[in-house]
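First up is the structure itself, then whatever we jot down about it.
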Amino acid sequence: MEDHAHRTGTAHGHAARQAPPGHAGPRTGEVTWGAAAKATLHCLTGCAIGEILGMVIGTALLWGNAPTMALAIALAFVFGYSFTLFAIRKAGLDFPSALKVALAADTVSIAVMELVDNGIIALVPGAMDAHLSDALFWTALLGGFAVAFVITTPVNKWMIGRGKGHAVVHAYH
């Protein structure tokens with residue numbers, strides 16, 4: 001079986017980089033639920049910061065539901081990618097290469113998370129019209145994050161097990 005760090009290095013046009021001993025990451029198909037949950041939690045943290053910030057800004061500016069949700073989703077992607085991007089840059093990868101790795105690592109995870117989370121907010125009666133001071137707003141938002149975590153974790157496990165998603169980041173940690 002091919003080493004994860006080697007696969008990661010060549011899949012994105014980077015020179016192959018060996019990870020430190022014991023940190024090469026899982027081989028294809030060998031990923032734990034814990035690793036998938038950790039990757040999902042990392043992604044969820046950035047998404048939550050961006051989405052909450054977008055909701056606060058949109059509400060403060062008295063925007064309607066659609067532009068507020070669009071801003072929240074855009075910021076969820078920005079913050080989600082940023083967390084990975086900064087970690088990879090800290091490991092020494094140049095910005096264009098780090099950006100490619102972050103996009104490959106997080107796009108599917110963030111997209112699934114945002115689809116689920118915003119779908120729940122849209123489906124909870126009154127949540128879209130709730131104000132930041134309403135318990136319904138926070139209950140729907142946090143509940144959406146919780147359900148998104150539960151649904152996205154198996155997606156990330158499947159992707160990591162195939163050398164995709166967060167698996168591409170592991171060689172740089």
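Short version: ³J(HN,Hα) in whole Hz for each residue of the range 135-143, in order, from phi by Karplus 6.51 cos²θ - 1.76 cosθ + 1.60 (θ = phi - 60°), x for Gly and Pro, what are they?
4, 4, 4, 5, 5, 5, 5, 5, x
Percent of Cα-Cα pairs more than 13 Å apart in the range 32-91, please. Could you put the intermediate results ahead of the total?
On the way: 1092 of 1770 pairs.
So the portion of pairs separated by more than 13 Å is 62 percent.
Keeping every protein chain in place, order His131, His166, His42 by accessible area at 1.4 Å, biggest value first, i.e. largest first. Walk me through the numbers before you get to the answer.
Details: His131 115, His166 10, His42 65 Å².
Heavy-atom accessible area, descending, gives His131, His42, His166.
Mind ranking Lys90, Lys164 by accessible surface for me, highest first, 1.4 Å probe? Please list the in-between numbers first.
On the way: Lys90 185, Lys164 120 Å².
Output order, biggest surface exposure first: Lys90, Lys164.
The range 66-173: Rg/Rh from Cα coordinates, Kirkwood Rh?
Working: Rg = 15.7 Å, Rh = 14.9 Å.
Answer for the range 66-173: 1.05.
Between Leu62 and Asp94, what is 0.36 nm times their sequence separation minus the Cα-Cα distance? Round to one decimal in nm. Provide the component values of the computation, followed by the final result.
Working: separation 32, 0.36 × 32 = 11.52 nm, distance 3.97 nm.
Full extension from Leu62 to Asp94 adds 7.5 nm.
What are the ³J(HN,Hα) couplings of the range 155-164, residue after residue, when phi is run through the Karplus curve with 6.51, -1.76, 1.60 and θ = phi - 60°? Round to Hz, x for glycine and proline.
So the J values, rounded to whole Hz, are 4, 5, 4, 4, 5, 4, x, 10, x, 10.
Using alpha-carbon pairs under 8 Å, 6+ residues apart, how would you state the relative contact order of the range 84-172 in percent? Walk me through the numbers before you get to the answer.
On the way: 79 pairs, mean separation 32.6, N = 89.
For the range 84-172, the relative contact order is 37 percent.
The values are calculated or read from the model by the stated rules, or taken from the named source; none is laboratory data. Every value quoted in this text rests on a predicted model; they were computed, and no experiment measured them. Accessible surface areas use protein heavy atoms only, side chains included; no ligands, DNA or RNA. Shrake-Rupley method; radii C 1.70, N 1.55, O 1.52, S 1.80 Å.
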